[in-house]
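Please read the structure below before turning to the comments.
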Amino acid sequence: MQAIADRMPAANAGEFSRDRHAHDVRAARDACPACHVATHTVIARPQTVVVDRGDERGARDRAAPASGAIATPAIAHFIWYGERFPWLNALALRSAIERGGFERVVLHHSRPLGHAPYFRELLQSPRFEPRPIDAPALLAPLGELGRRLSALHDRLASPAARANVLRAAILAREGGVYLDIDTVTLASLAPLREAALFCGEEYVAFPSAVMRGLHPLALARAVGLAGLRALCKHTPGGLRLFRRVHDRYDRALNNAVLGARKEHPFLLELLARMVQMPRAGQRRRFALGTHLLQTVAAERAGTDLVVHPPPVFYPLPPEISAHWFRLRERVELPQVVAAETRVVHWYASVENRALCARIDPAYVRAHARRQLFSALAAPFVAR
């Protein structure tokens, strides 16, 4: 079908794309009958709610669902592709079990993990639920859209890209809170789950709108901010400097923490848009994840989309997150983790993979006074 659209004149191709999009959303809606009324709410494009107060009561009041709305279920979802199961994975799950306020913490995994010691330890928790990934079965309830998504999932080589497909599909099917495996949960998400749909913002130097438009002045500003960010990353006083200049950076939605009630039309919108992308676009980094989330939120956000400010999930943004792993004479965790911080996304893709592979309980105990990350993880290490 995409090939037909590519051969059509520009105006007609756009009309065809809109028709194809409407068909996909209708198909998903028909597969999920409970979405019928809510689907029209998305198309109406009311204003997104942004939570800017850090106190718990303010967040709870602003995140409260409309009368009769269904809040986000108390289920956490993690996705893992691979045969190895390092301790950092177990840390993400353990912290969600102990601090997140969830009834169940589900790990969707691509390979058997029974051989992994840290995985076996998690099995001792009654709230931990491992689930092998079966993409065709997971996507089957979405009908034709599900079959196209299953084919897309199988074509994608990157585990991160595959996880983008499953993230939206899992939440659409049963709701809950998706968390990336490179997170540490510090406080209950129960007040946030009063919203039917929520995510958070991070500070970025190159927002997707700048990269799409490539306006010379906007691009020059972004390059300058990236240089300042690099300075903050590599200098010992970089954390203090970034706190002074962070408001110069744009905020952008990130999907490392994404909560929603099941069958939410926003999720169906994400899934429909994924299969409509040209194949080359589907393979681009971030295309099926943060960039798509940002696009759909800007175009079709409903009043039930609650956007939390950076300290809630992303206290240190990309690149600056390298400071989690720097060794110092002494660390003060409250200087980085704010009172409103509930989850820390520490950006495994940014930091040295070799170092992350070495981090285990013994490493954390040895470095808890000299490294921010070890101080963050220390409460979850048995003494």
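The values are calculated or read from the model by the stated rules, or taken from the named source; none is laboratory data. Small disclaimer: the values here were computed from a predicted structure and weren't measured. For neighbour counting, all protein chains shown are included, and Cβ atoms are generated from backbone atoms with ideal geometry for every residue, glycine included.
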Top-ranked residue in the range 112-163 [being touching a strand residue (DSSP E or B) at 6+ places or on another chain (Cβ under 7 Å) and among the basic types (Lys, Arg); ranked as nearest to residue 382 (Cα to Cα)]: 127
Six or more apart or on different chains, Cβ under 6 Å: which pairs go from a residue in the range 140-162 that's farther than 20 Å from residue 289 by Cα to one that's surrounded by 15 or more Cβ atoms within 10 Å (Cβ to Cβ)? Could you list them? 140/146; 141/31; 143/27; 143/31; 144/27
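Please find, among 116, 96, 187, 140, the residue that is over 21 Å from the mean Cα position of the chain (by Cα), farther than 20 Å from residue 276 by Cα and small (Gly, Ala, Ser).
Details: 96 fails: over 21 Å from the mean Cα position of the chain (by Cα); 187 fails: over 21 Å from the mean Cα position of the chain (by Cα); 140 fails: farther than 20 Å from residue 276 by Cα.
Unique residue meeting the criteria: 116.
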Within the range 253-294, which residues are within 21 Å of residue 175 (Cα to Cα), without any contact (Cβ under 8 Å) to a residue 60 or more places away in the chain and part of a loop (DSSP other than H, G, I, E, B)? none
Residues of the range 98-139 satisfying the condition of being in a helix (DSSP H, G or I) and either within 18 Å of residue 159 (Cα to Cα) or modelled with pLDDT under 95 (or both): 135, 136, 138, 139
Can you tell me how many residues within the range 178-217 are part of a strand (DSSP E or B) and either in contact with a helix residue (DSSP H, G or I) (Cβ under 7 Å, 6 or more places away or on another chain) or not β-branched (Val, Ile, Thr) (or both)? 12
